[in-house]
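So the structure is just underneath, and the comments pick up after that.
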Amino acid sequence: MLAFLDEQALITRSPRGELLDVAWPALLERWATDAPLGSRGTPSRYLAPRGLDDFARRLASTTGYAVTGSLAAAQVAPIAPSRLARVYAADGRALAAATGLRAADAGANVVVIEVDDAWPLAAGARPDWHGHRDGLRYTSPVNVAADLLSGSGREPDEGGALVEWMQHHEEEWRV
């Protein structure tokens, strides 16, 4: 793996082969290209009938989830108000029921991504990497950035803004 990353100029190694540095912004872009958001779980589309603010309040009192996408990035690098919430969940149906979501083919404002791998729910996920205490659990900023960079519409721009914030605030988000 290190040889591949070195060949792609995503890491810097010493003459003895020790890892010296990671070009993490470029690595994030590569990850987003090679493993887009759609490959990370099974998405289901829902309508939060009372809007995203009400959904976020309900979400804060549940467990087994991590917020990603625009809703997470807007905490530190807002481009425009979030119109779509993306949430990783261990049990998507249970999360939808607990937060009052309604299944929707059209007009959805929430996408719940049910994951088999708990990594987006656990690795780096904590409520305060962005400096706010709003009661929500967010996936790691690395995961949020990769999700946005592989998204559609304005999501890649939001991902770029988050990566820029991350470059200027490494001490705040790196664990």
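Overview of results
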| item | result |
| --- | --- |
| Probe 1.4 Å, accessible area per residue of the chain, Å² | 53 |
| The range 1-159: relative contact order in percent, alpha carbon pairs under 8 Å with at least 6 residues between | 27 |
| Heavy-atom accessible surface of the chain: percent carbon and sulfur, 1.4 Å | 50 |
| Length-normalised contact order for the range 41-130 - Cα pairs under 8 Å, 6+ apart - percent | 43 |
| Three-way shape label, the range 134-175, alpha-carbon gyration tensor, a/c 1.5 | oblate |
| Heavy-atom accessible area ranking, 1.4 Å probe, most first, across L28, L84 | L84, L28 |
| Computed accessible area, R30, all protein chains, 1.4 angstrom probe, square angstrom | 80 |
| Relative contact order of the range 16-88, pairs being alpha-carbon contacts under 8 Å that are 6 or more residues apart, as % | 23 |
| P(r) of the range 2-41 over all Cα-Cα pairs, binned every 10 Å from zero, in whole percent | 29, 44, 21, 6 |
| Accessible area of W24 in the full protein assembly, 1.4 Å probe (Å², nearest 10) | 30 |
| Pairs of Cα atoms farther than 22 Å apart, the range 1-124, % | 46 |
| Residue-averaged [θ]222 nm for the chain, counting only DSSP H segments that reach four residues, each worth -39500 (n - 2.57) | -10500 deg cm²/dmol |
| Accessible surface ranking that places the most exposed of T139, T62, T33 first, with a 1.4 angstrom probe | T33, T62, T139 |
| Part-to-part distance (alpha-carbon centres) for the range 25-60 and the range 68-114, which is given in Å | 6 |
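The values are calculated or read from the model by the stated rules, or taken from the named source; none is laboratory data. All values reported here derive from a predicted model rather than from experimental measurement. Surface areas here come from the heavy atoms of the whole protein model, side chains and all, with no ligands, DNA or RNA. Shrake-Rupley method; radii C 1.70, N 1.55, O 1.52, S 1.80 Å.
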